[in-house]
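The values are calculated or read from the model by the stated rules, or taken from the named source; none is laboratory data. Computed from a prediction, not measured in an experiment: that's the story for all the values here. Using ideal geometry, Cβ is built from the backbone for each residue, glycine included, and neighbour counts are taken over all protein chains shown.
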Amino acid sequence: MNIEIRYRSRLVATSHNRLIAVGADHGGFAMKEELKKLLGGAGYKYRDFGTYDEQAVDYPDFAQYVARAVADGVCDLGIIVDGAGIGS
């Protein structure tokens, strides 16, 4: 699994104070767990909005949790991983 962090031009590379919302469906669960390790190891703060295991779930629920957290200003950025890679 290769995960790479890329910064948009308006983000500052030293923006480790930003809170990142992460979420996944059951198909993306394993990658989300790896992503959390990468983020934590790089000094980023994140909040996990689920799912918390590999039992079947509906990806729109978790995409909405992450999107709502960003829209409401609870988190600064959001990353969603779903098994199909196109749904969220």
* Asked: Which one is modelled with the highest pLDDT among residues in segment 3-48 that are touching a Leu at 6+ places or on another chain (Cβ under 8 Å) and in a loop (DSSP other than H, G, I, E, B)?
  -> Arg18
* Asked: Do the conditions hold for Ala69, that is, is it surrounded by fewer than 16 Cβ atoms within 10 Å (Cβ to Cβ) and either in contact with a Cys (Cβ under 6 Å, 6 or more places away or on another chain) or in a loop (DSSP other than H, G, I, E, B) (or both)?
  -> no
* If Thr51 passes every condition in (1) out of contact with any strand residue (DSSP E or B) (no Cβ under 8 Å at 6 or more places or on another chain); (2) assigned to a loop (DSSP other than H, G, I, E, B); (3) under 20 Å from Ile3 (Cα atoms) but one, which one does it miss? -> (1)
